[in-house]
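Colleague: Take this structure, written in structure tokens, and hold onto it; I'll ask about it next.
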2 protein chains.
Amino acid sequence: MLIHDVRNSLVDVDVADLNQLKSNLNHSQPVDVGEYIAQLPKKQRAIAFRLLNKSQAIDVFEYLPLDVQEELINSLHDVQVAQIVEAMSPDERAELFDELPAKVIKRLLQELSPEERQATATILGYPEGTAGRLMTTEYVRLRQGLTVGEALSKIRRQDEDKETIYYAYVTDDNRTLVSVVSLRQLLFTFPDVYIREISSDRVVKVRTETPQEEVAQVMKRYDLIAIPVVDREQRLVGIVTIDDVIDILEEEATEDFQKLAGASGDEAAFSSPLVTIGKRLPWLLGIMLLYIGASSAIAPFQSTISMVPVLAVIMPLFSNTGGTVGIQALTVTIRSLGVGEVTPKDTLKILRKELLAGLGTALALATTMMLLSLIWARPQERWVALIAGMVMASNTIVAVALGTLLPMALKRLKLDPALISGPLVTTMLDTIGFLTFLSLISVALNVFHLPK
Amino acid sequence: MLIHDVRNSLVDVDVADLNQLKSNLNHSQPVDVGEYIAQLPKKQRAIAFRLLNKSQAIDVFEYLPLDVQEELINSLHDVQVAQIVEAMSPDERAELFDELPAKVIKRLLQELSPEERQATATILGYPEGTAGRLMTTEYVRLRQGLTVGEALSKIRRQDEDKETIYYAYVTDDNRTLVSVVSLRQLLFTFPDVYIREISSDRVVKVRTETPQEEVAQVMKRYDLIAIPVVDREQRLVGIVTIDDVIDILEEEATEDFQKLAGASGDEAAFSSPLVTIGKRLPWLLGIMLLYIGASSAIAPFQSTISMVPVLAVIMPLFSNTGGTVGIQALTVTIRSLGVGEVTPKDTLKILRKELLAGLGTALALATTMMLLSLIWARPQERWVALIAGMVMASNTIVAVALGTLLPMALKRLKLDPALISGPLVTTMLDTIGFLTFLSLISVALNVFHLPK
């Protein structure tokens, strides 16, 4: 069945036909069932969830949004809750516990088996956004000195709930990570070979305190489906799996994306109107505030504008193009920093390239600007075209330089390059463009006594 | 070794010390070696590549940029080229062949084994950007009716170069895909159980013609590390693996990101200045062109502006805030369409939420606008504040509506929602804002004979 069929088969069922619904819910993909339950009216969620058999309930639960998980914890029987929470992977469980009241956590922790309790405590001990918080403690660990045959039978005796059995991590007596071996290698090797002969000591690993974005970048770079996490003493404490990493890569991209537009990174399409206002309005009021500063700088030139009316027609072009040039360079820089394609070390290289490209762009834009000004200007105003062209060229170069250097500088200061949002750069460039242009025009009017 | 150490160990080596370099190159991660070789001066690349032993050479080759691959194909011995191209996975090989001259392809195809030649031809037969082009034909296929023990020994007899052995796909006599079984399930089941008893017929799959973005979204949704690809007759023809999909998700995000800023999606930080100009200048000239249209609509109002000088101070605020409001809504909509969080079906729901949020924003911005206008205006111009506030409110609502509806409409028309770039929306909103404002001001001046 293609997914669309699966989703439709859930939606099409008459909710009254409980048997049919039960069968569909237990034979669909957990993620689809989770989505279906999450969109039901509040009262029906627990009913639908109770229709799931035990293993499906456990799988579906991990796909529910945190608030629905919390709601179910409060409305299901304690025994069922205990079973589900016990079966969750430790990283998902830690994420849920973050949201629950302390009283509920205490109760749930008591009902967990000692190992699961320990695993949860370990993960909750690391700060949010680090490898330690993201990892699971359910991985396969082998001791040095085993043969391939022994390793395979050890893997077969593991709990079935290891997050991945496709890599096994080899440690010494101090739990220090020494090498990694894939299940593929084990299967393709004779049983009496020692694993040390086939395992690789070129282990790519991260530390518990490694930021989650870096974990994602490293796994992407080395095409890994799981990566080991070690503590300061190089002891193996967990692994991070690829499914969590894909979500992080997408979240990071969304965040950069939306910050650049002056919307907040964590706003979603279905955020409530109030949240949306709260995330966006500060940027808008900030822009207005900036403009008050800019306008007071521009205000003294009001008489200049009324003396040379063509200026009012020309000036918006500076703000439209200058802002866009700046945002183009800004976006390419922020994105390539985000995907790890460049680092602040490349600043000079990127700047040189951007300036070269900017020079070409500046020539083209300045020429167009001059032609347009000549067309729009009254005969006695035609000298304005020369200044307009010059300012267009210089504004383009400034825009390219700012768009490249600002995010690079933030990154070098270990700040988020996406803090520089588009509207900020646009407003800066507007002001710079207007002031340069109007100053030069007044100088020309006053010093050279040019015709008005 | 942490990756930074690995990379440094490559860079720190004195290139003259060939033995040390050879050892480092053969003991580092293929992706690091690939990056190192790609940044060497052209003449040294082939030399460094020849230092690799056969298996490392094969691994490293797939990580080299296409132009370096092409260069090496021309400078290495035919035997070595044949070995490498034979060992490449069929999807990577197809990507390389796309870049090579027909003559070279013909020669290379002749040197391939019959199966690899067939696999390459199959993949090259599907259009770029589809699952068929992205898939590999190296997967594990099992016939129905095998036991777990037979399945496991069949898997162990496979070539070691299958892209993944962690899922096996079960087909009937017509090669129709019937179910999927994971290696994990096989290992945890007794050997005499029939695989049909443990394999899952809830197979999530895609068609050869499924667009690559959809493949990526489906794999992300179902947390798959590989997905089967079937043809129109539901016959299994290949699989797509997670590593390709991560690259696609990132590329798609970059594309949306950069298009929104009026830079082209496929521009990279290190694109040459000429490419950069080519990608960005058309947008800039387009904006200027749009402005010519806008300005000719605004030009008749020049006398109005010179009669009420405060207008020149107020008007830029419309363009700064209106554009930003539009881009905020646009970005959130494009991004949530991009990650599959919303579909055009949700248009009304999203629009209602955006309009509610827009209403709140409009009130706040209109109030600020009125206050600022009152401060800036000469006493006889104060009536302008009322119109400025009204237009700011209406412009905000229009901006929110356009930012939401334009990408949704494009998506519904099966076009890329990111075609609506930020500068386009900004310029539209500028023009709408200016025209509404100036028209109302002239009406007020003429009809009510308000003071100037």
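Every read-out reported here was derived from the displayed coordinates using simple, explicitly stated rules and does not represent laboratory data. Quantities reported herein were computed from a predicted structural model and do not represent experimental measurements. Note that we place each Cβ from the backbone using ideal geometry, even for glycine, and neighbour counts take in every protein chain shown.
Colleague: If you place +1 on the Cβ of every Lys and Arg, -1 on the Cβ of every Asp and Glu, and leave all else neutral, what size is the dipole of the protein assembly as shown about its Cα centre, to the nearest 20 Debye?
Modeller: Numbers: 86 positive and 110 negative charges, 580 e Å.
With only Lys, Arg, Asp and Glu charged at Cβ, the dipole is about 2780 debye.
Colleague: Regarding segment B:372-452, what are the three Cα extents along the principal axes, ordered largest first, in Å?
Modeller: Answer, in whole Å and largest first: 53, 25, 17 Å.
Colleague: Report the residue of chain B with the smallest Cβ-to-axis distance, using the rotation axis that brings B onto A, in whole Å.
Modeller: Result for the axis mapping B onto A: B:ALA253, 2.
Colleague: Something else about it: Relative contact order for chain A: what is it in percent, counting Cα pairs under 8 Å that are at least 6 residues apart?
Modeller: This gives 10 percent for chain A.
Colleague: List the distances, in nm to one decimal, from the label point of A:ALA46 to the label points of the same position in every other copy, shortest first, placing each label point 7 Å from Cα along the Cα-to-Cβ direction.
Modeller: Distances to the matching label points in the other copies: 7.5 nm.
Colleague: What average count of beta carbons from other chains do you get within 10 Å of the Cβ of residues in A:340-350?
Modeller: Values: counts 1, 5, 3, 0, 0, 0, 2, 0, 0, 2, 2.
The shielding value for this peptide is 1.
Colleague: Here is a further query. What does the average come to when, for each residue of peptide B:245-254, you count the partner chain Cβ atoms lying within 10 Å of its Cβ? Before the final figure, lay out the partial values.
Modeller: Details: counts 2, 8, 2, 0, 5, 10, 1, 2, 10, 9.
Partner-chain Cβ atoms within 10 Å, mean over residues of B:245-254: 5.
Colleague: Averaging over all projection directions, find the projected area of the Cα convex hull of chain B and quote it in nm² with one decimal place. Can you show the working numbers first?
Modeller: Values: hull surface 120.6 nm².
For chain B, averaging the hull's shadow over all directions gives 30.1 nm².
Colleague: When each copy gets a label point 7 Å from Cα toward the beta-carbon at B:GLN118, what are the spacings between them in nm, shortest first?
Modeller: Reported distances to equivalent positions: 5.3 nm.
Colleague: Here's another thing I want to ask about it. For segment A:410-449, run through the trypsin sites (Lys or Arg not before Pro) and keep only the ones in DSSP coil with at most 15 other Cβ atoms within 10 Å of their Cβ.
Modeller: Numbers: sites: A:LYS411, A:ARG412, A:LYS414; in loops: A:LYS414.
Passing both the DSSP loop test and the Cβ count: A:LYS414.
Colleague: Same structure again: Measure up B:LYS220/B:LYS349; A:LYS22/B:LYS220; A:LYS106/A:LYS154; A:LYS259/B:LYS414; A:LYS162/B:LYS349; B:LYS106/B:LYS162 against 30 Å on the Cα-Cα distance and list the ones that go over. Please list the in-between numbers first.
Modeller: Working: B:LYS220/B:LYS349 25 Å; A:LYS22/B:LYS220 26 Å; A:LYS106/A:LYS154 34 Å; A:LYS259/B:LYS414 27 Å; A:LYS162/B:LYS349 41 Å; B:LYS106/B:LYS162 25 Å.
A:LYS106/A:LYS154; A:LYS162/B:LYS349, as the Cα separations exceed 30 Å there.
Colleague: Can you list the distances in nanometres, one decimal and ascending, from the B:ARG143 label point to the identical position in each other copy, with the point 7 Å along Cα to Cβ?
Modeller: 4.4
Colleague: Could you state the angle between the C-alpha long axis of helix A:212-221 and the longest principal axis of the C-alpha atoms of chain A, as a value from 0 to 90 degrees rounded to the nearest 10?
Modeller: Compared with the principal axis, the helix lies near 80 degrees.
Colleague: Could you name the lysines whose alpha carbon sits less than 16 Å from that of B:LYS353, not counting residues in the same chain fewer than 8 places away?
Modeller: Counting by Cα, and skipping residues close in sequence, B:LYS353 has these lysines nearby: A:LYS279, B:LYS345.
Colleague: A further question on this structure: Could you tell me the relative contact order of segment A:261-447? Use alpha-carbon pairs under 8 Å, at least six residues apart, and round to a whole percent. Could you put the intermediate results ahead of the total?
Modeller: Numbers: 187 pairs, mean separation 61.8, N = 187.
Relative contact order of segment A:261-447: 33 percent.
Colleague: While we're looking at this one, here's another question. Other chains near B:299-308: what is the mean number of their Cβ atoms within 10 Å of each residue's Cβ? Write down the numbers at each step before the final one.
Modeller: Working: counts 5, 0, 1, 4, 1, 0, 5, 5, 1, 0.
That average works out to 2.
Colleague: What ranking do A:59-67, B:194-202 get when scored by the average of other Cβ atoms within 10 Å per residue, highest first?
Modeller: On the way: A:59-67: 18.2, B:194-202: 15.7.
So the order, starting with the most tightly packed, is A:59-67, B:194-202.
Colleague: Sequence gap at least 6, Cα distance under 8 Å: using those rules, report the relative contact order of segment A:245-331 to the nearest whole percent. Walk me through the numbers before you get to the answer.
Modeller: Values: 23 pairs, mean separation 14.1, N = 87.
16 percent.
Colleague: Based solely on its DSSP helices, what 222 nm [θ] is calculated for the protein assembly as shown when runs of n ≥ 4 H residues each add -39,500 (n - 2.57) and the sum is averaged over all residues, nearest 500 deg cm²/dmol? Kindly include the intermediate steps, with their values, before the conclusion.
Modeller: Details: 44 runs with 588 residues, N = 904.
Result for the protein assembly as shown: -21000 deg cm²/dmol, rounded to the nearest 500.
Colleague: Can you work out D for segment B:261-447 in µm² s⁻¹ from Stokes-Einstein, where Rh is the Kirkwood radius over C-alpha pairs, the temperature is 10 °C and the viscosity is 1.306 mPa s? Don't skip to the end; give the middle numbers.
Modeller: On the way: Rh = 18.0 Å.
The Stokes-Einstein estimate is 88 µm²/s.
Colleague: Show me, bin by bin at 10 Å from 0, the whole-percent P(r) of the protein assembly as shown based on Cα pairs.
Modeller: Using 10 Å bins, I get a P(r) of 2, 10, 18, 22, 19, 14, 9, 5, 2, 0, 0 for the protein assembly as shown.
Colleague: Taking loop as defined by DSSP and a crowding limit of 13 other beta carbons within 10 Å, which chymotrypsin sites (Phe, Trp or Tyr not before Pro) in segment B:359-452 fit? Each step should come with its number before you reach the end.
Modeller: On the way: sites: B:TRP376, B:TRP383, B:PHE434, B:PHE437, B:PHE448; in loops: B:TRP383, B:PHE448.
Qualifying residues, ordered by number: B:PHE448.
Colleague: If you put +1 on each Lys and Arg Cβ and -1 on each Asp and Glu Cβ, how big is the dipole of segment B:261-447 around its Cα centre, in Debye rounded to 20?
Modeller: On the way: 12 positive and 8 negative charges, 66 e Å.
In total the dipole reaches around 320 debye.
Colleague: I need the GluC sites (Glu not before Pro) found in segment B:149-180, filtered to DSSP loop residues with at most 12 other beta carbons within 10 Å of theirs. Please list the in-between numbers first.
Modeller: Numbers: sites: B:GLU150, B:GLU160, B:GLU163; in loops: B:GLU160, B:GLU163.
Within segment B:149-180, the qualifying GluC sites (Glu not before Pro) (loop, at most 12 other Cβ atoms within 10 Å) are B:GLU160.
Colleague: Identify the residues of segment A:171-189 with backbone N under 16 Å of a label point that sits 7 angstrom from the Cα of A:GLU233 along the Cα-to-Cβ direction, or state none.
Modeller: Under 16 Å, as judged by backbone N against the label point of A:GLU233, lie A:171-178 of segment A:171-189.
Colleague: Just how large is the dipole of chain A about the Cα centre, in debye to the nearest 20, putting +1 at every Lys and Arg Cβ and -1 at every Asp and Glu Cβ? Mind showing how you got there, number by number?
Modeller: Numbers: 43 positive and 55 negative charges, 378 e Å.
Value, rounded to 20: 1820 debye.
Colleague: Computed over the Cα atoms of segment B:223-275, what is the convex hull's projected area averaged over all directions, in nm²?
Modeller: On the way: hull surface 23.4 nm².
Spelled out: convex hull of the Cα atoms, projected over all directions, averaged, 5.9 nm².
Colleague: Right, another one. If you project the alpha carbons of segment B:346-418 onto their three principal axes, what span does each projection cover, largest first, in Å?
Modeller: Cα spread of segment B:346-418 along its principal axes, largest to smallest: 54, 20, 14 Å.
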